[in-house]
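What follows is a set of notes on a single structure, which appears directly below.
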Amino acid sequence: MRTNAMRSVSRLGLGAAALCVAAALMQPASAVPVFARKYGFNCTMCHSAFPRLNDFGLRYRRNGYRIPGRENLEKLVYETPTPLAMRTSVGYNSETFSNTPETTNVAEFQLNGLDMLSAGLLGRNIGYFMVYTPQIAAGRGVAGQDGALEAANVVLSSPRSTWFYARLGRFEPAYVPFSVKRSLTVASYEIYDFAFPGGPPFADTRTGVEITGWGDPGIRYAAGLIDGSDTNSASDSPADMYLRLEKVIGAGEGQTAGHRIGLTGYRGLARPESGASPRKSFTRVGADASMNVGIWNLGVQYLHGEDNRELWGTAENVKFDGGFAELLCHPRTDLVAFARYDWVDTPSSVRMGVNRWTVGGRYYLEDSVAVHLEYSHRTQSPIQTGLGHATERLFTARVDFAL
């Protein structure tokens, strides 16, 4: 399986290159963005390709939603237009499954959920960020969505140093170096989705506190304490801790310029899904890099995990490895192409090994309106004796827009 998937990666690279060449045939786009209303700038102030942040956008977020160097000139939310935005997408979705019982193929035009977002400053050194996803009943032409407060946090900034920022509430933790919430692809990062039954996947937002900081020479750190697994009871104290270190080489933040390398460590406690046993430990250790050369960005993630056997109900502890390599081509502000290979290797006692490759691109009619094309092919180890590898094929052509 791995050999076939790796052969596919070379084809993905050619596909991405072809999309970049196609940029010469397209006309540039411009727009008045939602979150730039406060400053009167375009979306490209913070986004290399909506929703992915560029270097400035990453600095703006880290600085508590304030422009670096202009903190004393910032306006509070009470002094600006209502900081509310919404994002959705609509288009054609096709998903076909093989050797996967209890799944239904999809081939229809769909409205793909809705995010409601607000962010800004409550005080000179207090920023906030909120994302609410309203409940939407599934139906013909409408993808179902659970109602949830996906994120709600405040950021406390030190007025004297960049070495201390505190984020409290529910947020996307810094142990995810490639943001799931701002990914360009519909297909998920497989290693971020992987977890023991009922466990906390890296892809989910978590509730707790995170301390971050940065300074010369290109050093970044983040440390956090969060609630962790949903299998824990209400009386279980928060016990999941993580530490992340980054080094940025060259100009930029490793998003659109320069290079970034990072190390992440995570240790948590969780009850087995049944909840009857005491909490057991699980760990994650990872390394990642984001490198930029001209119009190309290469992002690489590796993650190793070890879970106590009782969390899986197996005879031995479960050790797994996985990651991805993602190539982006961004020749113009109105066009981006992407190609990614994901994998997860698991022991035979779990039988959840995954290989996925994804290719596609986005053309921006306006800064906050993108035509999105994507194809993804996923294979998983047989989930039942007698079945072949479980296979999923995803194709989507949609318009993704925010206002």
Identify the residue in the stretch 128-160 that is closer than 21 Å to Arg66 by Cα and in contact with a Ser or Thr (Cβ under 7 Å, 6 or more places away or on another chain) and, among all such residues, is surrounded by the fewest Cβ atoms within 10 Å (Cβ to Cβ). Met130
Kindly provide the set of residues from the stretch 44-101 that are modelled with pLDDT of 85 or more, hydroxyl-bearing (Ser, Thr, Tyr) and under 27 Å from Gly123 (Cβ atoms), ordered by number. Tyr60, Tyr65, Tyr78
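Considering only the stretch 165-216, how many residues are in contact with a Pro (Cβ under 7 Å, 6 or more places away or on another chain) and within 22 Å of Ser281 (Cα to Cα)?
Kept after step one, since they are in contact with a Pro (Cβ under 7 Å, 6 or more places away or on another chain), are these residues of the stretch 165-216: 182, 192-195, 206, 208, 210.
If we keep only those that are within 22 Å of Ser281 (Cα to Cα) too, we end up with 192-195, 206, 208, 210.
Final tally of qualifying residues: 7.
Taking the stated definitions as given, is Leu303 farther than 20 Å from Pro200 by Cα, under 17 Å from the mean Cα position of the chain (by Cα) and either crowded, with 20+ Cβ neighbours inside 10 Å or free of Cβ contacts under 8 Å to residues at least 12 places away in the same chain (or both)? Full working, then the answer.
Details: farther than 20 Å from Pro200 by Cα: no; under 17 Å from the mean Cα position of the chain (by Cα): yes; either crowded, with 20+ Cβ neighbours inside 10 Å or free of Cβ contacts under 8 Å to residues at least 12 places away in the same chain (or both): yes.
Spelling it out, it is not the case that Leu303 is farther than 20 Å from Pro200 by Cα, under 17 Å from the mean Cα position of the chain (by Cα) and either crowded, with 20+ Cβ neighbours inside 10 Å or free of Cβ contacts under 8 Å to residues at least 12 places away in the same chain (or both).
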Just to be sure I understand, how many residues within the stretch 215-238 are surrounded by fewer than 20 Cβ atoms within 10 Å (Cβ to Cβ), of a type in the set (A, V, I, L, M, F, W, C) and at pLDDT 95 or above? 3
Could you give me the residue pairs with C-beta distances under 6 Å whose first residue belongs to the stretch 361-372 and is hydroxyl-bearing (Ser, Thr, Tyr) and surrounded by 17 or more Cβ atoms within 10 Å (Cβ to Cβ), whose second residue is part of a strand (DSSP E or B) and modelled with pLDDT of 95 or more wherever it lies, and which are 6+ apart or on separate chains? Tyr363/Leu335; Tyr363/Val371; Tyr364/Ala370
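The values are calculated or read from the model by the stated rules, or taken from the named source; none is laboratory data. Bear in mind the structure is a predicted one, so any value in this text is a computation, not a measurement. Note that each Cβ is placed from the backbone with ideal geometry, even for glycine, and that neighbours are counted across all protein chains shown.
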